[in-house]
Amino acid sequence: MLVTVADGRAVRVAGDPHHPVTQGFLCAKVNRYVERTYHEDRLRTPLRRTGPKGSGQFEAITWDAALTEIAARLTSVVETHGAASVLPYSYAGTMGLVQAESMDHRFFHTLGASRLDRTICAMAGTIGLRMTLGASVGADAEGVPESDLVLLWGTNTLTANPHLWPFITRARERGARVICIDPIQTRTALQCDEWIGIRPGTDAALALGIMHVVFARGLEDADYLERYTLGHEEMRERAAEWTPARTAAVTGLDEAVVVSLGERYGRAKAAFIRVNYGLQRHAGGGMAVRAIACLPAVTGHWRHAGGGVQLSTSANFQFNRAALHRADAGPETRTINMIRLGEALTSDDAGVGGPPVKALVVYNSNPAAVAPDRNAVLRGLAREDLFTVVLEHFQTDTADWADIVLPATTQLEHWDIHFAYGHHYVTLNRPSIAPVGEAKPNSEIFRLLASRMGMTDPMMRDDDLSLIRQALASQSPKLQGVTMETLLEKGYMRLNVPTPYLPYAEGGFATPSGKCEFRSQRLADMGFDPLPTYIPPYESPERDPALVARFPLTLISSPAHTFLNSTFANITSLRRQAREPEVLLHPADAERRGIVPGMMVTVHNDRGAFLATARVEPTIREGVAWAPSIWWGKLAGDTANVNQTTSQRETDLGHGPVFYDNQVEIGAA
Ligand SMILES: Nc1nc2c(c(=O)[nH]1)N[C@H]1C(S)=C(S)[C@@H](COP(=O)(O)OP(=O)(O)OC[C@H]3O[C@@H](n4cnc5c(=O)[nH]c(N)nc54)[C@H](O)[C@@H]3O)O[C@H]1N2
Ligand SMILES: Nc1nc2c(c(=O)[nH]1)N[C@H]1C(S)=C(S)[C@@H](COP(=O)(O)OP(=O)(O)OC[C@H]3O[C@@H](n4cnc5c(=O)[nH]c(N)nc54)[C@H](O)[C@@H]3O)O[C@H]1N2
Ligand SMILES: [Mo]
């Protein structure tokens, strides 16, 4: 991203035209980054709560007063309840290594605070890949122009990952067909050649059904199977069970669709599967990713540029995280799963044993909007005996519950270094303007707090540029040549991998066997089916017919086009495009309920409810509803949002969230 500055003020942000992935354009949201940076609501000074919890009443205080108070309160909590009663909470506000996993980690490790299991986004698939391919390493976006079939599977590319699209367009110009597998006919699906409107949470069954057809037609790559896979005979037997008829019955698709997809996948030379997060947010999300990740090993597509699966490329970025985190700096402690924040804040033992959570320090996250089971989260945040600190750009739903709010810098104002998950470039983030108001970088805030709390280890004084150098000081061959000097000069740098990168053309999987593990002993040892299998959603006719009878609609709450999770929801121009909290229904579902377009409806289940304006279009599978998300509760008329209805249950693998494994009923408000 290039920033134009005039008289010390950012005036324009743009994609770098020379960057191989950005190619000169930014997404709809980040295009508005200047508006966001200088927004009149931007937090400019530290704040102390003056009214009751959650009242949103604050007074401006000095940094000195804020830091003194936080240090005193944290010290007292640690002395009275033990360090484990302090909980850090952070996720995706920025994913830069300096502002998201350096001084903050060192600070909490030194303190001995509870650790946070950062599961809210990607863990189901991460473990699914780890058990199958060995790591989150997959096909290269830059190979996509070579593919002859593109499957966009559980991903709204044009919204969530638009920089992949130019590569897809090039493949298409060369004859590739592009197919979207999604219960919703998203703006991405509308641009594809085909839309396959699968029943939510059944993707593992579809992957096994495709495999069935591939084997049945003899379209497998016997040589690849023999050399580079483990358990292919068992895999073949498992796939044999997934006849097109059975697959169709489970996935809610026509048998002909399954057969045709299987045949085309098998006949393709280099099919590219972009699998993303939609299909992970269900009970069997980990296994679904695992089943899909097996496909290119059956057909041998990994051999060719443009072939394979991409969930994430993040494991290629082997920065020296141990040096940044310094987990060795403090005692062993307990771990709390971030998606169970509601339980952690409302249980005497935080839900995991040990002391209750007495102090919460939130940065890079807005859990009062994004965490599941929002009613439980808000009950927790409302506790008068909980000391809450929030580092933020804005007075979010979460900041409203804080005792102290600290103004943080944005990416325009601080240093950082970034990994990627859709490509292979390291990015340096240089500050282009001075901090707005009195804002400080997260890293600086934790340095100052460390000093106030008497943490004397020199590592607590490392500056941001030193932290970047420490991150780069890695033994990984993939980081060789990626140096501070080249980054300062160019801004970004490709990892030391070929272009395009074909990670598994000749095996080389990072699993214990070194092969693509159709059969996983590690999964067997963990008590799972060692082969890819279909695990039905928690809230499905298979597992809970009584619940489904009461709440017949599956609610998907994937991102609104102009929001980034809950970020940007307060930016007027972007919120105007998102209009208001909405829910999309199929005409048949709407008619059955007497719902007409524009009607105010209640979306509800036993966990909670929120109001939305009904949209009625046939661009969604019957039985499914879509609430584009994530709204700030306080920007909605009823102060509620979709996470009122979602649950704290966990996925099969990785303890991830099941946001879309969520049955609701919808009726006129
Ligand atoms: N504009 C924008 N971009 C973003 C984000 C954002 O909030 N806004 N968030 C960023 C983050 S943190 C992430 S994790 C990524 C997410 O990246 P993606 O996963 O690509 O993004 P989503 O838009 O969530 O797309 C998920 C799609 O999966 C579909 N889906 C839901 N359940 C199922 C299912 O069971 N099976 C199948 N096949 N499909 C299903 C949904 O209908 C939705 O269209 O995007 C990143 N990019
Ligand atoms: N129902 C439902 N819930 C979901 C999802 C869904 O699809 N449906 N998606 C889930 C996913 S994939 C994810 S990744 C999570 C994301 O959840 P979060 O990680 O909470 O992400 P955001 O909502 O973007 O909130 C990030 C906050 O960090 C702040 N921030 C940004 N940069 C900085 C910084 O440098 N310093 C500080 N101190 N603050 C900063 C922003 O202002 C913003 O308020 O939400 C999850 N929740
Ligand atoms: Mo995410």
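Derivation of every value follows stated rules applied to the coordinates shown; laboratory data play no part. Since we're looking at a predicted model, the values are computed, not measured. Every residue, glycine among them, receives a Cβ derived from its backbone with ideal geometry; neighbour counts consider all protein chains shown.
Numerical summary
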{"item": "Kirkwood-based shape ratio for the stretch 545-668, expressed as Rg/Rh from alpha carbons", "result": "0.96"}
{"item": "In degrees, nearest ten, helix 285-299 long axis to first principal axis of the chain (Cα)", "result": "50 degrees"}
{"item": "Anisotropy class of the stretch 440-526 from Cα gyration tensor, a/c 1.5 cut", "result": "oblate"}
{"item": "Relative contact order (%) - the stretch 125-311, alpha-carbon pairs under 8 angstrom, separation at least six", "result": "34 percent"}
{"item": "Helix axis angle, 232-241 relative to the chain longest principal axis, alpha carbon, degrees", "result": "80 degrees"}
{"item": "Length-normalised contact order for the stretch 410-510 - Cα pairs under 8 Å, 6+ apart - percent", "result": "27 percent"}
{"item": "Cysteines without a disulfide-compatible partner [the chain; Cβ-Cβ under 4.7 Å]", "result": "27, 121, 294, 516"}
{"item": "Per-residue HN-Hα couplings for the stretch 244-249 [Karplus 6.51, -1.76, 1.60; θ = phi - 60°; Hz; x = Gly/Pro]", "result": "x, 5, 5, 4, 5, 4"}
{"item": "Virtual spin-label span in nm between residue 669 and residue 44, 7 Å along Cα→Cβ", "result": "3.4 nm"}
{"item": "Percent RCO, i.e. relative contact order, over the stretch 303-441, from Cα pairs under 8 Å lying at least 6 residues apart", "result": "21 percent"}
{"item": "Equivalent ellipsoid semi-axes - Cα gyration tensor, the stretch 63-216, angstrom", "result": "45, 19, 15"}
{"item": "In nm, spacing of pseudo-spin labels at residue 382 and residue 7 (7 Å Cα→C-beta vector)", "result": "4.8 nm"}
{"item": "Net length gained if the chain between residue 463 and residue 544 were fully extended (0.36 nm per residue, minus Cα distance)", "result": "23.8 nm"}
{"item": "Globularity index of the stretch 501-610, i.e. its alpha-carbon radius of gyration over 2.2 N^0.38 Å", "result": "1.66"}
{"item": "Hydrodynamic radius (Kirkwood) for the stretch 125-311, which is based on Cα pairs only, to one decimal in Å", "result": "16.0 Å"}
{"item": "Filter on 478/515; 29/634; 269/515; 29/53 - keep pairs with C-alpha separation over 25 Å", "result": "29/53"}
{"item": "Kirkwood Rh (inverse of mean 1/r, distinct Cα pairs), the stretch 415-488, angstrom", "result": "14.3 Å"}
{"item": "Local net charge near residue 154, Cβ-Cβ under 12 Å (Lys/Arg +1, Asp/Glu -1)", "result": "0"}
{"item": "Kirkwood Rh in Å, taken over the chain so that all alpha-carbon pairs contribute", "result": "25.7 Å"}
{"item": "Pair residue 267, residue 222: separation of 7 Å Cα→Cβ label points (nm)", "result": "2.1 nm"}
{"item": "P(r), alpha carbons of the stretch 355-434 - 5 Å bins starting at zero, rounded %", "result": "3, 14, 19, 18, 15, 12, 11, 8, 2, 0"}
